[in-house]
Amino acid sequence: MTIFIFLAVLFVLILVHEWGHYIVAKKTGMRVDEFAIGFPPRLFSIKRGETEYSINLIPIGGYVRIFGENLETAKDTLDQPRSFAARPRYAQALVLIAGVTMNVIFAWFLFVTTYLIGVPTAVDEAVASPQAALHIAGVLPGSPLGEKIPAGAQVVALSTSDETLETLTPSAFSAFVQANSAEALTITYLDNDVEKTVTVTPMVGLLPEAMETPAVGVSLALVENVRESFWGAIVMGTEATISGLINITVGLYNLLSAAVVGEADFSQVAGPVGIVSLVGDAAAYGITSLLMFTAIISLNLAIINLLPIPALDGGRLLFVAIEAVIKRPINIIWATRLNLVGFALLMLLMVVVTWNDIARLL
């Protein structure tokens, strides 16, 4: 199931990105020859008007083939008014940046939708509604529970052999543990919607601020779904999009800066294999977590595509800017060489992060 969710997320993100290129190319008078999801070999296609719409076998990308965009043949289409190369530089730039723009807009839309649906939020038990659920916020290493219960699990019952806690709040949980410190306690919890139990005996010395107080070594939080108003969701979605763009840009800059001096920690970077696992984890926590994760991936794609590396939108955009300054097309030989170098660097990066993904699984 995880792989299908990953492919669905990837399909939507590619569709959004390429649709941005497609629609702006159409609106600026360019001829679009093909709109493709995935890379060849082709599975099937259908032609509508002048454009062929294709689904290809390798689902890790996509492309929009615009007449006259290919660097090697662009100069031969300068006399064709609907050629990419014949259109004004501003139109070319708009087409190239449209995919990135759509990724940002789509991320914003997902954030807003998530806030409208409701986001699981920790609330104070004094103001919590009856729908609030008790969750394990953290587990203290070396405590009686140790690695027996995962952070994020929902506590559904706490009991001894002859008594069950009726009110599931952090304070009631702690009071019950202290009142039954000499007995084995059974905690019933939900982990990915699967009900499980664990038995634990409280012990003293776990709480630095209260060394004599019996405890089981977990921190607790009441969590409930908090929905925003329409305008509240708009504001929070906008804030999340802006902060996401800033954080991703800073993180990518730091990674690339460290890579230049050979100090990059690629273990913190997820490639396709790692993202499959992360998508599965996000989906396990519900639709809002999956939407949030998809929004973050969309912002990552936007930032990465803006890098001034040949073979990416940012690299092609740099070529257009240079051509606008020098008032003539870039030498095709050098442009092709730079594209090959850029592609080779991207493939090397993909190999490195994929290797790290696999190493983490072993």
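The values are calculated or read from the model by the stated rules, or taken from the named source; none is laboratory data. This structure is a prediction, so every number in the text was calculated from the model and none was measured. Methodologically, a virtual Cβ is constructed for each residue, glycine included, from the backbone with ideal geometry; neighbour enumeration extends over all protein chains shown.
Please determine whether any residue of segment 312-319 is more than 30 Å from Gly118 (Cβ to Cβ), among the aliphatic types (A, V, I, L, M) and modelled with pLDDT under 80.
Going residue by residue through segment 312-319, those that are more than 30 Å from Gly118 (Cβ to Cβ) are 312-319.
Applying the additional criterion that residues be among the aliphatic types (A, V, I, L, M) yields 312, 317-318.
Applying the additional criterion that residues be modelled with pLDDT under 80 yields none.
No - not one qualifying residue is present in segment 312-319.
So is Glu50 under 30 Å from Pro329 (Cβ atoms) and among the acidic types (Asp, Glu) or not? Criteria met by Glu50. In the set (1) surrounded by 18 or more Cβ atoms within 10 Å (Cβ to Cβ); (2) part of a helix (DSSP H, G or I), the condition left unmet by Gly38 is number (2).
Yes/no matrix, rows are residues, columns are (1) surrounded by fewer than 18 Cβ atoms within 10 Å (Cβ to Cβ); (2) in contact with a Leu (Cβ under 8 Å, 6 or more places away or on another chain); (3) modelled with pLDDT under 80; (4) assigned to a helix (DSSP H, G or I):
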site: Val250; (1), (2), (3), (4): yes, no, no, yes
site: Glu263; (1), (2), (3), (4): yes, no, yes, no
site: Leu278; (1), (2), (3), (4): yes, no, yes, yes
site: Asp281; (1), (2), (3), (4): yes, no, yes, yes
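The set of residues in segment 221-234 being assigned to a helix (DSSP H, G or I) and surrounded by 14 or more Cβ atoms within 10 Å (Cβ to Cβ) consists of Ala233, Ile234. The strands (runs of 3 or more DSSP E) found wholly in segment 117-209 and carrying at least 2 residues that are within 30 Å of Met236 (Cα to Cα) and not charged (D, E, K, R) occupy 119-123, 133-139, 154-159. When restricted to residues that are over 29 Å from the mean Cα position of the chain (by Cα) and in contact (Cβ under 8 Å) with a residue 24 or more places away in the chain, segment 1-50 contains 6.
In segment 216-259, what residues are in contact with a strand residue (DSSP E or B) (Cβ under 7 Å, 6 or more places away or on another chain) and of a type in the set (A, V, I, L, M, F, W, C)? Steps first, please.
Our first condition is that a residue be in contact with a strand residue (DSSP E or B) (Cβ under 7 Å, 6 or more places away or on another chain); within segment 216-259, this holds for 216-226.
Val216, Val218, Leu220, Ala221, Leu222, Val223, Val226, listed by residue number.
The criterion of being at pLDDT 90 or above, under 15 Å from Glu323 (Cβ atoms) and in the same structural domain as Lys327 (by TED's automatic domain parsing) does not hold for Arg82.
Please verify whether segment 303-320 includes one or more residues that are in a helix (DSSP H, G or I), among the hydrophobic types (A, V, I, L, M, F, W, C), over 23 Å from Thr249 (Cβ atoms) and in contact (Cβ under 8 Å) with a residue 40 or more places away in the chain. First the steps, then the outcome.
Within segment 303-320, the first condition is being in a helix (DSSP H, G or I), and the residues that meet it are 303-305, 313-320.
This time we only want the ones that are among the hydrophobic types (A, V, I, L, M, F, W, C), so: 303-304, 317-320.
From the residues that got through so far, the ones that are over 23 Å from Thr249 (Cβ atoms) too are none.
The answer is no; no qualifying residue exists.
Go through segment 52-88 residue by residue and tally those that are of a type in the set (A, V, I, L, M) and either under 13 Å from Ile14 (Cα atoms) or part of a strand (DSSP E or B) (or both). Please lay out each step first, then the result.
Taking segment 52-88 first, the residues of a type in the set (A, V, I, L, M) are 55, 57-58, 60, 64, 66, 71, 74, 78, 85-86.
Then drop every residue that is not either under 13 Å from Ile14 (Cα atoms) or part of a strand (DSSP E or B) (or both), which leaves 55, 57-58, 60, 64, 66.
Final tally of qualifying residues: 6.
Among the residues of segment 64-79, those identified as in contact (Cβ under 8 Å) with a residue 40 or more places away in the chain and either more than 24 Å from Gly38 (Cα to Cα) or out of contact with any helix residue (DSSP H, G or I) (no Cβ under 7 Å at 6 or more places or on another chain) (or both) are Ala74, Lys75. Would you say Ala133 is exposed (fewer than 15 other Cβ atoms within 10 Å of the Cβ), among the aliphatic types (A, V, I, L, M) and not assigned by TED's automatic domain parsing to the domain that holds Ala240? No: the conditions fail for Ala133.
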